[in-house]
Amino acid sequence: MITNYSKNEKIALTTITIFNFLLIKNCLPSTIYVLSIIVTSIYFFPVKVILKRKSDNLFLKITSSFIISVVLVLSYVSYLLDFNNEVLSIVLSIIGFFNFLLIIKLVQVNDEDKYLHLILVILIGQSIFS
């Protein structure tokens with residue numbers, strides 16, 4: 001069952017991914033991207049965890065939200081470092097690996113957050129290979 005929360009989360013993460021692409025192509029001011037990253041990452045980690053605290057898989061929800069927030073922040077940090085930092089690329093690759101493991105687990109438990117993490121794969125790829 002798709003709730004309004006999950007639909008809005010998918011739209012927000014897709015918008016951030018498009019904003020990241022436009023930022024890479026210099027078609028978007030970085031202040032718009034920064035504000036959208038801050039609001040979205042704050043929503044995903046503390047707010048979403050508080051909203052879903054009565055969930056069956058609370059640890060899975062916390063891990064999912066934390067990975068999304070970290071990738072959002074690191075995508076902007078990689079832009080600030082002009083996409084040339086090898087350490088950041090390695091960190092994003094490791095987080096991408098954990099993201100794939102989380103996608104497998106989310107598919108097993110049939111959780112709607114799997115779609116968010118599939119969108120996140122694109123954002124991680126943009127941040128590493130730009």
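Where a number appears in this text, it was derived from the coordinates with a stated rule and is not lab data. Source: prediction; values computed, not measured. Quick reminder, even Gly has a Cβ in these numbers, built from the backbone with ideal geometry, and neighbours come from all protein chains shown.
Remark: spin-label model distance VAL39-ILE122 equals 2.0 nm, labels positioned 7 Å along the Cα→Cβ axis. Helical runs (DSSP H, four residues minimum) scored at -39500 (n - 2.57) apiece and divided by the length of the chain put the mean residue ellipticity at 222 nm at -26000 deg cm²/dmol.
Peptides 90-101, 69-80 ranked from most to least packed by the mean count of surrounding Cβ atoms within 10 Å: 69-80, 90-101.
Using only side-chain charges placed at the Cβ, +1 for Lys and Arg and -1 for Asp and Glu, the dipole size of the chain relative to its Cα centre rounds to 360 debye. With loop membership from DSSP and a limit of 11 other Cβ atoms within 10 Å, the longest segment of the chain without trypsin sites (Lys or Arg not before Pro) is 55-130. Just name one of PRO46, SER36, LEU23: the one whose Cα is farthest towards the positive end of the charge dipole of the chain (beta-carbon charges, Lys/Arg +1, Asp/Glu -1). Among PRO46, SER36, LEU23, the one farthest towards the positive end of the dipole of the chain is PRO46.
The structure shown yields volume of the Cα convex hull per residue in Å³, and of the options [x] 118; [y] 92; [z] 138 that calculated value carries the label [y]. Taking label points 7 Å from Cα along the Cα-to-Cβ direction, ASN57 and ILE94 give a separation of 2.4 nm. Rounded to the nearest 10 degrees, the angle from helix 58-80 to the longest Cα principal axis of the chain is 10 degrees. Note on the chain: with a GNM built from Cα contacts shorter than 10 Å, the maximum mean-square fluctuation among ASN84, ASN110, ASN20 falls on ASN110.
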